[in-house]
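Read-outs throughout are calculated quantities, based only on the coordinates presented, and are distinct from any laboratory measurement. Given the structure is predicted, the values throughout are model-derived calculations rather than measurements. Here the Cβ positions follow ideal geometry from the backbone for every residue, glycine too, while neighbour counts run over all protein chains shown.
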Amino acid sequence: MTGLFTAVFSGFLLAAVAPWVHRLAPRRSGWILASLPLALTAYFVLHIGPIAEGAAFRAGFSWIPFLGIRLSFLLDGLSLLFCLLITGIGTLVVVYSGGYLKGHPELGRFHAYLLMFMASMLGVVLSDNAIALFVFWELTSLSSFFLIGFDHERAAARAAALQALLVTGLGGLALMAGLLLMGRIYGSLELSRMMAEGSGPLQSNPLFLPILILVLAGAFTKSAQFPFHIWLPNAMEAPAPVSAYLHAATMVKAGVYLVARVNPLFAGSPFWFWMLVGAGGVTMLLGACLAMVETDLKRILAYSTVSALGTLTLLLGLDTIRATEAALAFLLVHGLYKGALFLTAGAVDHGAGSRNVAELGGLRRAMPITALAAGLAALSMAGIPPFFGFVGKETIYQAVLGSSAARGLVTSAALLANLLFVAIGLIVGIRPFIGALKETPQHPHEAPVDLWIGPLLLGAIGLAAGLVPGAVGHDFVLRAASVVMDRTTETHFSLWHGWNTAVALSLVTFAAGLTVFAARHPLSRGFARVSGALAPVGPARGYFRILDGTIGMARGVTRVFQSGYLNRYLLFVLFTTVGLAGYTLFFRARLSWPEEVLHVRFYEAGLVAVMLVAALTAIRSRARLVTVIALGVVGYGVSLLFLFFGAPDLAMTQILVETLTVILFVLIFYRLPQVIVLSRSAGMRLLDASIALACGGLMTALVLTAVRVQWRPSIASYFSEHSLSLAKGHNIVNVILVDFRGFDTLGEITVLSAAGIGVYGLLKLRSGRGEAP
Amino acid sequence: MRSLILAATARFLLPILFMFSIFLLVRGHHLPGGGFVGGLVAAAAFVLYGIAHGVEEARALLRVNTISLLGVGLLLALASGLLPLAGGEAFMTGLWFQHPVPVLGKLGTPVIFDTGVYLVVLGATLTVLFNLVED
């Protein structure tokens with residue numbers, strides 16, 4: 001079953017070559033690149049049948065075996081629903097991007113980021129291993145960062161990208177901690193193994209509450225729940241297809257996916273219930289109200305997305321079969337209409353040159369197809385029959401009416417949010433196209449086919465799904481819901497359930513929604529006044545306070561440590577070393593003099609004498625060159641000592657390092673003033689001397705003690721025994737470097753490269769500007 | 001300040017030292033040597049040539065950009081670690097050919113890794129030293 005691997009990694013591969021594909025066919029790159037998501041959509045569609053019958057598909061191989069980390073994928077009802085959203089909408093968005101950014105010099109790079117995101121997102125929803133899930137999770141944050149900051153020459157785009165990365169990235173770290181703790185409790189990082197064990201071990205563990213908070217911190221930051229919702233509206237700095245894809249249809253749903261995925265482990269706990277219902281409810285209402293305040297099409301849609309994410313969280317928190325079905329149905333509904341609305345917003349911006357709802361009107365004649373697409377999506381958003389949005393809303397009402405706790409409160413909140421949704425749908429999807437034509441910055445014209453095909457298809461699917469709700473419900477929603485609830489369900493979805501409370505609530509919603517739409521101007525002013533008054537204590541201000549505080553602290557610390565004086569750096573390093581190592585040595589290792597008399601051979605004593613003389617010369621000398629040569633003598637002496645004690649590898653390396661160091665010093669001297677300025681006072685010289693003596697004394701004591709102290713069993717015998725059998729080498733030093741500890745070496749040569757490039761940068765920068773940076 | 005003796009010697013020393021560095025790299029798995037020392041010897045050889053004949057000529061003789069050496073070395077080391085993944089083994093598992101190659105001895109991914117180390121050490125040292133000499 002390697003199909004799942006191919007499904008995830010083909011996106012990364014295509015992302016790597018996307019810029020070249022774009023260069024080969026700049027006009028058609030969107031259509032060409034969209035063939036991969038299209039093929040993946042077909043691949044996942046083929047799985048609908050078996051999965052609706054209850055099958056699940058797995059694939060996996062060992063990644064880091066000794067940590068229990070596998071790259072394992074699982075395709076079940078829940079992942080399938082997400083996979084189809086990701087690849088299906090992905091196809092349309094890739095096509096759309098080709099048209100939206102036509103002629104943009106960086107379109108190739110954009111395609112690469114977009115495909116990388118798609119692959120990462122597939123990885124998130126297919127991963128069965130907690131660590132793999134975390135890695136893909138962070139990859140989505142990273143690609144989101146690149147996409148929001150795509151227009152990187154604007155400061156606002158950069159700031160928004162950074163904000164999204166910081167908020168979702170920190171949440172991701174919390175999630176990792178939570179997942180690792182869960183892995184300890186269950187003894188396995190495989191999510192399906194945890195599910196098989198059930199919620200018992202987790203919920204009876206004293207760490208249950210911290211784990212719950214950590215996991216939800218990850219989910220809430222990603223899915224923009226209050227108070228972490230602030231990054232999402234700012235992420236609208238990204239181009240329209242990104243907003244449609246990442247920030248409406250897929251990435252922001254990753255948190256919802258996570259909650260749904262781990263629900264069987266956490267469900268039943270009152271904390272889980274109240275955290276989800278509380279945060280979800282607040283987010284749902286707050287997002288809807290703030291959407292009314294905005295005038296920019298994309299920001300309105302962003303806040304309504306925040307609200308929709310709150311609705312999803314709330315529904316999952318209710319933890320009834322009906323509520324879970326409602327959440328998953330609404331997830332599908334929302335992905336379809338919100339994706340379409342974002343894309344039409346981009347098309348309107350493209351065609352008319354403005355996204356301000358106050359400036360737009362009567363565009364239906366100039367942009368008939370876009371108007372049709374937006375209208376279809378808006379009617380689904382408003383929940384008008386026979387659109388799928390109506391089915392979604394009905395199910396939500398049935399779910400909240402069946403809530404086990406706080407039924408009145410939850411139902412009124414859902415009613416309020418839904419009626420605001422009716423108004424918002426009309427404002428963004430209908431209002432710009434009807435009425436008299438308004439003056440816009442550009443003469444409005446219809447978008448090219450790349451720009452209208454996506455939203456039109458999404459809108460049409462929203463309508464088609466509403467006409468056959470039973471099939472959609474059975475094939476997608478029920479299978480996914482049975483995964484979330486960990487038991488099978490057989491509810492029937494239909495447009496018409498007969499007269500009941502839900503239908504009555506729908507009628508109220510629609511009537512009240514129309515009223516709100518009519519009274520939108522005074523309402524918007526009212527909401528704006530309240531949100532303005534609350535701004536000083538709001539989370540947006542809090543984010544900047546924390547950010548500024550962190551940067552200020554970093555600046556302070558930097559000012560203390562990075563003074564620019566080499567001798568002060570050395571002072572810090574040496575003080576710390578002497579302090580920490582000395583403390584450990586005297587209080588933990590019990591300093592001792594070796595009992596056996598050291599056998600010093602005469603030539604060793606002679607060599608040491610030479611080195612001592614050289615060291616004293618280095619101190620006393622006033623000429624730099626003499627100092628360097630004297631230090632070189634000390635260094636070569638050390639190499640000889642290595643040779644005496646049977647370490648030719650070390651000796652050889654030491655000799656070469658000494659040689660190159662002397663050359664380096666000599667070269668640097670060209671750049672220094674001719675004379676050593678001995679302006680340092682006697683007190684400073686005394687301090688230098690004492691530090692030098694302390695360092696030397698400490699190292700001596702350390703070496704003498706280290707000979708006798710053995711805290712852990714020595715690993716040397718393992719290396720010498722296995723060097724030939726495991727690594728096929730006689731030279732243990734080299735085998736350790738390239739095989740046993742090869743990973744360390746890889747890190748070291750990476751650091752070496754970074755240092756080399758750093759020095760290069762500093763030198764070039766200096767000579768380029770003619771002044772020290 | 002060009003010394004004729006140094007210039008003449010450097011011409012002969014460069015190929016000898018360079019071959020010696022490769023020799024060190026290849027024998028490193030069984031006898032003292034290895035990519036790190038080999039890289040340092042090669043760097044010393046080019047620096048010596050650079051001091052004797054000027055960095056321009058040393059660079060021309062090297063042909064490739066010193067920073068490219070860094071990149072290629074890092075990629076080589078990484079690739080040697082990634083190679084076992086294709087066979088379902090863990091990252092950086094040592095893979096060896098069954099039969100030793102004449103002169104070179106047994107070949108395997110650790111040898112590729114060591115070559116990467118060699119190139120990175122050579123590239124980093126030369127990047128720093130050449131640029132210091134130049135301006």
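Numbers below:
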quantity: Range of Cα positions in segment B:4-134 per principal axis (Å), largest first; calculated: 56, 28, 20
quantity: In nm, spacing of pseudo-spin labels at B:His99 and B:Phe12 (7 Å Cα→C-beta vector); calculated: 4.1 nm
quantity: C-alpha center-to-center spacing [segment A:435-493, segment B:12-76] in angstrom; calculated: 62 Å
quantity: Listed residue (A:Gly513, A:Leu24, B:Leu129) projecting farthest to the positive dipole end of the protein assembly as shown, Cβ model; calculated: B:Leu129
quantity: Modelled FRET efficiency - R0 25 Å, A:Arg193 with A:Asp486, Cβ distances, 0.05 increments; calculated: 0.95
quantity: Whole-Å distance, taken between Cα centres, linking segment A:544-559 and segment A:367-405; calculated: 46 Å
quantity: Contour minus Cα-Cα distance for A:His152 and A:Phe544 (0.36 nm per residue); calculated: 139.1 nm
quantity: Separation of alpha-carbon centers, segment A:156-231 and segment A:53-103, rounded to whole Å; calculated: 20 Å
quantity: Two-site label geometry, A:Leu616 and A:Tyr43: point separation in nm, points 7 Å out along Cα→Cβ; calculated: 7.5 nm
quantity: Percentage relative contact order, segment A:81-147, counting C-alpha pairs under 8 Å, at least six apart; calculated: 32 percent
quantity: C-alpha long axis of helix A:107-126 to longest principal axis of chain A, angle in °; calculated: 80 degrees
quantity: In sequence order, calculated HN-Hα J values of segment A:730-744 (Karplus, 6.51, -1.76, 1.60; Hz; x Gly/Pro); calculated: 8, 7, 4, 4, 6, 4, 4, 5, 9, 10, 4, 10, x, 5, 4
quantity: Expected-Rg normalisation [2.2 N^0.38 Å, Cα atoms] applied to chain A; calculated: 1.19
quantity: Angle in degrees between helix A:501-518 and the longest Cα principal axis of chain A, rounded to the nearest 10; calculated: 80 degrees
quantity: Label-point gap, in nm, between A:Phe66 and B:Val64 - each point 7 angstrom along Cα→Cβ; calculated: 3.2 nm
quantity: On Cα atoms only, tilt of A:368-382 relative to the major axis of chain A in degrees; calculated: 90 degrees
quantity: Efficiency of FRET between A:Phe271 and A:Arg741 - r from beta-carbon atoms, R0 51 angstrom, step 0.05; calculated: 0.70
quantity: Contact order relative to length of segment A:631-759, as percent, for alpha carbon pairs under 8 angstrom and 6 or more apart; calculated: 11 percent
quantity: Theoretical ellipticity at 222 nm over chain A - DSSP helices of four or more residues, -39500 (n - 2.57) apiece, nearest 500; calculated: -23500 deg cm²/dmol
quantity: FRET efficiency, A:Val503 to A:Gln562 (Cβ-Cβ, R0 60 Å, nearest 0.05); calculated: 0.30
quantity: Relative contact order (%) - chain B, alpha-carbon pairs under 8 angstrom, separation at least six; calculated: 29 percent
quantity: Long pairs among A:Lys102/A:Lys764; A:Lys222/A:Lys338; A:Lys222/A:Lys298, criterion Cα-Cα beyond 29 Å; calculated: A:Lys102/A:Lys764
quantity: Nearest-20 debye value, the protein assembly as shown charge dipole, Cβ charges on Lys, Arg, Asp, Glu; calculated: 1640 debye
